[in-house]
Amino acid sequence: MTPKRQTQIAGYIGSLFIIAPIFVPSLREYSLWLTALGVFIIAIPQFAQTRQSFKLVNEAEDRRDEDVTLENYQPTRNAALLINQLAELGFTRLGETRSPLKGHKNPITWILSNPDHTDFAEVIDLQGKLPAMLQFTTVFANEAVLETAYPIGENKDFPQHRFRFNSVSVPSAYEQHSLDRFRLESQHGAPRPFRTMVEHLAWEGRYRELYGRNKLRGSEIRSLMYSLFILAMLGSIITYALANSDFISEDLSWTLACVLVAAGMLAGLVGFIMSIPVNSRIALAQRFKKSQDKATRPRRRIFGR
């Protein structure tokens, strides 16, 4: 069952608990408790997503790609479009890996390298709503890493890990990567070459140990903020239900509810602000996907021509 379908089912079931007192008078005295239960059920997919985000971050260092070069996977239509542009820049095939990404049918990554093997490019097509994606990577002598993604990604800087994205074109992304590489060489040393898949996979394991969590932290924090928002709203409903059942005083319930609502709104605001650039990148990627599909779609013949 897809996450979207799980969210829909949880929404239907939770809504039934929330509106039940309207149609069943005998349940009205339990309306707050039923509302709290309904909100909790609706929020279950969000809690599951938060748990999955933490799991991905915690397992980032241990995940390893599988070398499937000998299986000779042919590029998908959209991946081939990127690979052809890389070939025009002088990149040649190094091999393929299968990535340990759950929820995708065929997460194959095509690895290519530049003539002196100091830059390598990774192309992956998840074959969903997102387009085929490309990332240029350079590893310096002190194990610092520079990454440039196309057409979507993030702009972040860590002491030894810098990643950027370029949505203009493949040549533009590589030009940007090359300029950044030139600036960083004096600080981190000459780039390290990777001439074989054995060398590439050995570095991939080291990369996950050093930097595997960097790109996942943002999604982990965003998901956590939304879960805290829901928990705070749920807690405020429960405090009113406890006061209504004379378990706590109304003054105490009011104070607790105000604190929980304020904390929940703060967490929700943080999550919303963090999601703005992510949602804009996803929208950009979906538009790019449509244009990518259009560019690679075979043209129909008209009148037999």
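Every read-out reported here was derived from the displayed coordinates using simple, explicitly stated rules and does not represent laboratory data. Being a predicted model, the structure only gives us computed values, none of them experimental. Because the Cβ atoms are built from the backbone with ideal geometry, glycine has one as well, and the counts that use them run over all protein chains shown.
What you get for region 111-235, charging only the Cβ of Lys and Arg (+1) and of Asp and Glu (-1), is a dipole of about 360 debye around the Cα centre. Under the shape rule built on the C-alpha gyration tensor, where the axes satisfy a ≥ b ≥ c, region 66-215 is rounded, since a/c falls short of 1.5. The overall shape of region 159-247, judged from the alpha-carbon gyration tensor, is prolate: a/c is not under 1.5, and a/b is greater than b/c. Computed from backbone phi, the HN-Hα couplings of region 108-117 come to 8, 10, 8, 9, 10, 9, 6, x, 9, 6 Hz, rounded to whole numbers (Karplus: 6.51 cos²θ - 1.76 cosθ + 1.60, θ = phi - 60°; Gly and Pro given as x). Less than 5 angstrom separates the built amide H of residue 94 from those of 111, 112, 113, all sequence-distant by 5 or more or on a different chain.
For the peptides 172-181, 234-243, the ranking by mean Cβ contacts within 10 Å, running from highest to lowest, is 234-243, 172-181.
The distance from the alpha carbon centre of region 171-207 to that of region 63-85 is 20 Å, rounded to a whole number.
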